[in-house]
Amino acid sequence: MTPIPFLDLQAINATLREPLLAAMTRVLDRGWYIQGEALADFEAAFAAYCEAPHCIGAANGMDALELILRAADIGPGDEVIVPANTFIATWLAVSKVGALPVGVEPDPLTHNIDPNRVEAAITPRTKAIFAVHLYGQPADMDALADIARRHGLRLFEDAAQAHGARYKGRAVGSLSDAAGFSFYPGKNLGALGDGGAVVTHDAALARRVRCLGNYGSEQKYHHLEAGLNSRLDELQAALLRVKLDVLPDWNAHRQARAQDYLTGLADCPQLTLPVVPDWAQPVWHLFVVTTPQRDALAAALKAEGIGALIHYPIPPHRQAAYQSLHLPAGTFPIAERLADHVLSLPIGPLLSADQARTVVGVVRHFFAG
């Protein structure tokens, strides 16, 4: 059997080799490598794509989250509600500004933060809710916005995995006070290195994010506050601009392959498939199934040359980085159970229908046996 990789970035980027090389050449020929024409062009295009007026490039996705929090004056003594089931970067950004990440369990069906559990986590120190659109599926933003409004909280989005996803017809990234995106190479919209961005409707917050990410400066050698060096460089911006044009087609391809999986594995015993609410249009950064037999299934797929990964095997609260919070095993039982049961099947803009059928066949054979 021909191997089926989890995600073949070399092959994906090869489909755009000529336009990517042309974009690199334009940057090289201009001789301007930071905060120039390519960045301005990408920021304008990505803001429009996210249906928001402002986009500010950042060095990476976690910096984008940190810049949002800092621009909102969230820091020591404050608490920020975060999903218990997410990549650790969401928690780390909160910690970087000196605030306390407060985990909330996910909905076991969607794996996103459960709005019904959020209010119980709110204290007088809570300043914001940071929703994550995990795996490329939108969180329930209207429910979270209602909670934020009633308690006077800021609402932010970690959209690192959700470029192009839509919630009730609206673009992810335009559903809150501000959203942070990652352009890590494996994302739906990925650079050829690190990169990130903040998207927002708030002009004042946008201006402060831009200032903070540029050493706290709006004018060279004049520093208004102690900022960061977190800027999306010209080369990555130019490459991302090329990829942004094909992102709708790439996302549509992911959606088609996800439907192949949903149909082909619909009646597979002991396997739970992703649940998509009727108001959500995911972009399937990951296609995550759950099963108590996760490790055995992963081994069976590997034996057939099929790439499958675990996102994420250890919840943030169980990481050594957060042992000081004294959150023992059992604190977030749903998140912990998911960590033990989740498995990501191959998906991407080049995964063929035949390859998806092969994956389905191996999975079905495993459970039939």
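The values are calculated or read from the model by the stated rules, or taken from the named source; none is laboratory data. Not measured: the values here are computed from a predicted model. Here Cβ is always computed from backbone atoms with ideal geometry, including for glycine, and neighbour counts include all displayed protein chains. Surface areas here come from the heavy atoms of the whole protein model, side chains and all, with no ligands, DNA or RNA. Shrake-Rupley method; radii C 1.70, N 1.55, O 1.52, S 1.80 Å.
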In terms of modelled amide H atoms, which long-range or inter-chain residues lie less than 5 Å from the amide H of GLY195?
GLY61, PHE183, TYR184
Within 10 Å, count the other beta carbons around each residue, average over each peptide in 197-204, 157-164, 136-143, and list them highest first.
157-164, 136-143, 197-204
Sequence order, the range 174-184: Karplus ³J(HN,Hα) from phi using 6.51 cos²θ - 1.76 cosθ + 1.60, θ = phi - 60°, Hz rounded, Gly and Pro as x, gives 10, 9, 8, 5, 6, 10, x, 10, 10, 10, 3
Filter the DSSP H helices in the chain by two things, a Kyte-Doolittle mean of at least 0.5 and an axial alpha-carbon span of 27 angstrom or more, and list the hits by number.
none
Rounded to the nearest whole number, the per residue volume of the convex hull around the C-alpha atoms of the range 18-165 in Å³ is 127 Å³
Taking the Cα-to-Cβ direction at TYR221 and at GLU51 and moving 7 Å from each Cα, how far apart do the two end points lie in nm?
4.6 nm
Residues with amide H under 5 Å of PHE287's amide H, sequence separation 5 or more or different chain, H placed in the peptide plane at 1.01 Å from N; which?
LEU345
Whole-Hz couplings from phi, Karplus 6.51/-1.76/1.60, listed for the range 155-168; x for Gly and Pro
10, 10, 10, 9, 9, 4, 10, 10, 4, x, 5, 10, 10, 6
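Roughly how many percent of the accessible protein surface of the chain is carbon and sulfur, given a 1.4 Å probe and a whole-percent answer?
Numbers: 8360 of 15540 Å².
The C+S portion of the solvent-accessible surface of the chain is 54 percent.
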Apply 1/(1 + (r/R0)^6) to the Cβ-Cβ distance of ALA368 and ARG337, taking R0 = 30 Å, and write down the FRET efficiency to the nearest 0.05.
0.75
Amide H of THR126: which non-local residues (sequence gap of 5 or more, or other chain) have their own amide H closer than 5 Å, using H built in the peptide plane?
GLU79
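Mean residue ellipticity at 222 nm from the helices of the chain, using -39,500 (n - 2.57) per DSSP H segment of n ≥ 4 over the full residue count, to the nearest 500 deg cm²/dmol? The partial results should precede the final answer.
Values: 11 runs with 140 residues, N = 369.
The per-residue figure over the chain is -12000 deg cm²/dmol.
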In Å, what Rg and Dmax follow from the Cα atoms of the chain?
20.5, 68
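Determine one quarter of the surface area of the Cα convex hull of the range 225-310, which equals its mean projected area, and express it in nm² to one decimal.
On the way: hull surface 41.1 nm².
Spelled out: convex hull of the Cα atoms, projected over all directions, averaged, 10.3 nm².
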Given 10 °C, 1.306 mPa s and a Kirkwood radius over Cα pairs, the Stokes-Einstein diffusion coefficient of the range 111-265 in µm²/s is 91 µm²/s
Additional length obtainable on full extension of the chain from LEU309 to THR2, 0.36 nm per residue less Cα span
108.7 nm
Estimated inter-spin distance, GLN323 and ARG207, nm [label 7 Å along Cα→Cβ]
4.6 nm
Interatomic Cα distance distribution for the range 82-147, bins of 5 angstrom, percent
3, 18, 31, 26, 16, 5, 0
Zone reached by a paramagnetic label modelled 7 Å from TYR33 Cα along Cα→Cβ, restricted to the range 184-208 with backbone N below 19 Å, covers 191-196
When the chain is treated as a Gaussian network with springs between alpha carbons less than 10 Å apart, the largest mean-square fluctuation among THR290, THR90, THR331 is found at THR331
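What is the magnitude of the charge dipole of the range 96-214 about its Cα centre, with +1 placed on the Cβ of each Lys and Arg, -1 on the Cβ of each Asp and Glu, and no other charges, expressed in debye to the nearest 20? Don't jump to the answer; show the numbers that get you there.
On the way: 14 positive and 12 negative charges, 96 e Å.
Charge dipole of the range 96-214: 460 debye, to the nearest 20.
Order of 68-80, 308-320 by packing, highest average Cβ count within 10 Å first?
Values: 68-80: 19.5, 308-320: 17.7.
Descending mean neighbour count gives 68-80, 308-320.
Per-residue counts of other Cβ atoms within 10 Å, averaged by peptide: what ranking do you get for 186-195, 235-244, highest first? List each step's numbers first, then the result.
Numbers: 186-195: 20.4, 235-244: 22.9.
The most tightly packed comes first, giving 235-244, 186-195.
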Cα→Cβ-extended label distance, 7 Å offset, between ALA296 and LEU16, nm:
4.2 nm
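Pairs LYS96/LYS243; LYS127/LYS168; LYS168/LYS243; LYS220/LYS243: which exceed 28 Å Cα-Cα? Could the numbers behind the result be given before it?
Numbers: LYS96/LYS243 31 Å; LYS127/LYS168 26 Å; LYS168/LYS243 25 Å; LYS220/LYS243 32 Å.
Checking Cα-Cα distances, LYS96/LYS243; LYS220/LYS243 exceed 28 Å.
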Expressed in nm to one decimal, what extension gain is obtained for the pair ARG125 and ALA44 from 0.36 nm per residue of sequence separation less their Cα-Cα distance?
25.6 nm
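Assuming R0 = 22 Å, what is the FRET efficiency of ALA252 and ARG170, from their Cβ-Cβ distance, to the nearest 0.05? Intermediate results must be reported in sequence, preceding the final value.
Values: r = 18 Å, r/R0 = 0.83.
After rounding to 0.05, the efficiency reads 0.75.
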